[in-house]
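The values are calculated or read from the model by the stated rules, or taken from the named source; none is laboratory data. Please read all numbers here as calculations on a predicted model, not as lab measurements. No Cβ is skipped: glycine too gets one built from the backbone with ideal geometry, and neighbour counts run over all protein chains shown. Side chains included, ligands, DNA and RNA excluded: accessible areas come from the protein's heavy atoms. Shrake-Rupley method; radii C 1.70, N 1.55, O 1.52, S 1.80 Å.
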Amino acid sequence: MQQEYAQRREQLMARIGKGTAVFRSAPMAVMHNDVEYNFRQDSDFFYLTGFNEPQAVVVLAPHHEEHKFVLFVQPKDPERETWTGYRVGVEAAKERFGADEVYPIAELDEKLPQYLEKADRIYYQLGRDRPFNDTILKHWQRLMRSYPKRGTGPTAIEDPAPTLHSLRQIKSPAELELMRTAAAISVDAHNRAREFTQPGRYEYEVQAEMEHTFRLRGGMGPAYPSIVASGANACVLHYTENERQMQDGELLLIDAGCAYDYYNADITRTFPVGGKFTPEQKTLYEIVLKAQLEAIAQVHPGNPYGQIHDTAVRVIVEGLMELGLLQGDIEEIIKEEKYKPFYMHRTGHWLGLDVHDVGVYQHGETPHNLEPGQVLTVEPGIYIAPDIKPVEGQPEVDPRWRGIGIRIEDDVLVTSAGHEVLTAGVPKAIEEIER
Ligand code: GLY
Ligand code: MN
Ligand code: MN
């Protein structure tokens, strides 16, 4: 794996040429008072180093003669470590992470300028980390002042994200292996959840079954707060209370996935709590499933990303029109987004180190075309909230449709031949999920 991190740094350095890139570790997040959440490294930082500690900075200086890869880390401190946990420390970091030089983080101000003063620009993402922005700006200002005298120095701060994130967007075989594992564990958890679900059980019990599987199988835990939403709760897109007792005759929408070695899965399934769909539920489910299957069929190298969403929207609108839930001219409904009270989110996102992973979807007016190695979710839905308000000119919704929320979400890899559904192991066909 060290070789892979080195390769990523090489790729980035080849693209920044005479610049110097600086990344800071993620901040610690407070759970309450002086208790912190488990530390989770910033994804860019992790992608480039594999180093999982707070209070760290990585500097990539391709033009520097000796030190192209420099780490600033927390030094060893046995007394502190007794309280806060193990630190790699300066000595071992050099060896273990392959850095050309490692310094204690307290020496950042003193040591950083030597890696910036010959750079033509600083690659740093302003805007994410206020205190660290100030540090970078301070050094930049100092170097600007001495520019006339020395004739070298960074004349601009540039965001490394477009370059780095285009690398992150294409998953390597090693990354795909981790993503397949995250997917496989999440698939098992969903199947376990479906078998476990029955009228009278609580949403949190289903959540517990799933999260038990995530951790038991060596995952880091949920990739995002698990959504276990029965009945009308499914119409709340980010319902995470998971407190309700599930009733016969309702649907259960589960949106949950695990993180495995920093890589994420993101799966949604919707199925009947009591084993049988009502006619209304089945009708809407068939539309969502058709939308999802047709959208997935659009995942092919060279196809514009937006075509996935456009395909899902058209199937959903056609379906809702057939039921009389939308009326009028289909092109106008789509263009003016009159379907939005029923389908208000996009059909997916990139997936990787972040659940909503980095990478562009569109280049201004130019579409982004799919490429092998990209991983994305395909997740259309229909949500008919109990108090749904159709847009003006559209019919009122008959009460029999209300309180039904359905989403189906899979993780899809773009391959040279088309695509591969990484999460296909959770059934979604009606005959497979009814019992
Ligand atoms: N679970 C978050 C999402 O589906 O995007
Ligand atoms: Mn999801
Ligand atoms: Mn998703």
From the list P427, P395, P390, pick out the single residue that is open to solvent by less than 50 Å² (accessible area, probe 1.4 Å), more than 16 Å from ligand 1 (Cβ to nearest atom) and either under 22 Å from L289 (Cβ atoms) or not in a loop (DSSP other than H, G, I, E, B) (or both).
P427
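Identify, please: which residue in the stretch 337-348 is in contact (Cβ under 8 Å) with a residue 40 or more places away in the chain and more than 13 Å from K389 (Cβ to Cβ) and is, among those, nearest to ligand 3 (Cβ to nearest atom)? It would help to see each step written out before you state the result.
Initially, the stretch 337-348 is screened for residues in contact (Cβ under 8 Å) with a residue 40 or more places away in the chain, giving 338, 340-345, 347-348.
So of that shortlist, the ones also more than 13 Å from K389 (Cβ to Cβ) come out as 343, 345, 347-348.
Values: Y343: 14, H345: 9, T347: 10, G348: 6 Å.
Going through the qualifying residues, I end up with G348.
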Among the residues of the stretch 1-51, the number that are open to solvent by less than 40 Å² (accessible area, probe 1.4 Å), part of a loop (DSSP other than H, G, I, E, B) and either free of Cβ contacts under 8 Å to residues at least 60 places away in the same chain or within 17 Å of Y262 (Cβ to Cβ) (or both) is 6
Which residue, of R435, R346, is open to solvent by 30 Å² or more (accessible area, probe 1.4 Å), modelled with pLDDT of 95 or more and basic (K, R)?
R346
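Might you let me know whether the stretch 362-372 holds any residue that is within 16 Å of ligand 1 (Cβ to nearest atom) and either open to solvent by less than 10 Å² (accessible area, probe 1.4 Å) or part of a loop (DSSP other than H, G, I, E, B) (or both)?
The initial filter retains those residues of the stretch 362-372 that are within 16 Å of ligand 1 (Cβ to nearest atom), namely none.
There is no residue in the stretch 362-372 that is within 16 Å of ligand 1 (Cβ to nearest atom) and either open to solvent by less than 10 Å² (accessible area, probe 1.4 Å) or part of a loop (DSSP other than H, G, I, E, B) (or both).
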Answer with yes or no whether G319 is within 16 Å of ligand 3 (Cβ to nearest atom) and of a type in the set (G, A, S).
no
Looking only at the stretch 292-334, and only at residues there that are open to solvent by 40 Å² or more (accessible area, probe 1.4 Å) and on the phi > 0 side of the Ramachandran plot, the one that is farthest from the chain's Cα centre (by Cα):
G328
Of those in the stretch 408-422 that are open to solvent by less than 10 Å² (accessible area, probe 1.4 Å) and more than 15 Å from the chain's Cα centre (by Cα), the residue farthest from ligand 3 (Cβ to nearest atom) is G418
Filter the stretch 147-185 down to residues that are part of a loop (DSSP other than H, G, I, E, B) and without any contact (Cβ under 8 Å) to a residue 40 or more places away in the chain and give me whichever is least open to solvent (accessible area, probe 1.4 Å).
G153
Single unsatisfied condition, D354 versus (1) among the acidic types (D, E); (2) away from ligand 1 (no atom under 13 Å from the Cβ); (3) under 21 Å from I267 (Cβ atoms):
(2)
Considering residues of the stretch 94-108 that are touching a residue at least 40 places away in the same chain (Cβ under 8 Å) and within 12 Å of F69 (Cα to Cα) only, the residue most open to solvent (accessible area, probe 1.4 Å):
G98
Find all pairs meeting these conditions: Cβ atoms under 8 angstrom apart; at least six residues apart or on different chains; first residue within the stretch 204-219 and in contact (Cβ under 8 Å) with a residue 60 or more places away in the chain; second residue open to solvent by less than 90 Å² (accessible area, probe 1.4 Å).
none
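Which one is nearest to ligand 2 (Cβ to nearest atom), of the residues in the stretch 326-361 that are in a loop (DSSP other than H, G, I, E, B), farther than 27 Å from K171 by Cβ and basic (K, R)? Show your work before the answer.
Step one: filter the stretch 326-361 for residues in a loop (DSSP other than H, G, I, E, B), giving 326-329, 336-349, 351-361.
Filter once more, so that each one left must be farther than 27 Å from K171 by Cβ: 326-329, 336-344.
Remaining after also requiring basic (K, R): 338, 340.
Values: K338: 25, K340: 19 Å.
Looking at the filtered set, the residue picked out is K340.
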Which pairs do you get when a residue that is away from ligand 1 (no atom under 16 Å from the Cβ), found in the stretch 398-416, comes within reach of a residue that is assigned to a strand (DSSP E or B) and open to solvent by 70 Å² or more (accessible area, probe 1.4 Å), reach meaning Cβ atoms under 7 angstrom, with the pair 6+ apart or on two chains?
L413/H419
Taking T181, is it in contact with a helix residue (DSSP H, G or I) (Cβ under 9 Å, 6 or more places away or on another chain) and among the polar types (S, T, N, Q)?
no
Against the condition among the basic types (K, R), open to solvent by less than 90 Å² (accessible area, probe 1.4 Å), out of contact with any Leu (no Cβ under 6 Å at 6 or more places or on another chain) and closer than 26 Å to R15 by Cβ, how does K111 come out, does it pass?
yes
Determine, yes or no, whether Y224 is surrounded by fewer than 22 Cβ atoms within 10 Å (Cβ to Cβ), closer than 24 Å to D354 by Cα and at pLDDT 95 or above.
yes
Within the stretch 192-215, can one find any residue that is modelled with pLDDT of 95 or more, buried (at least 17 other Cβ atoms within 10 Å of the Cβ) and within 12 Å of ligand 2 (Cβ to nearest atom)?
no
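Sort out which residues of the stretch 212-255 are among the aliphatic types (A, V, I, L, M) and over 21 Å from G274 (Cβ atoms), and write them in order of number. Before the answer, list the steps.
Applying the first criterion (among the aliphatic types (A, V, I, L, M)) to the stretch 212-255 yields 216, 220, 223, 227-229, 232, 234, 236-237, 246, 251-254.
Matches in the stretch 212-255: L216, M220, A223, V236, L237.
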Return the residue satisfying two criteria in turn: it lies in the stretch 53-88 and is touching a strand residue (DSSP E or B) at 6+ places or on another chain (Cβ under 9 Å) and among the acidic types (D, E), and of such residues it is surrounded by the fewest Cβ atoms within 10 Å (Cβ to Cβ).
E66
Filter the stretch 208-237 for residues that are under 22 Å from R40 (Cα atoms) and among the polar types (S, T, N, Q); the one that is farthest from the chain's Cα centre (by Cα) is T213
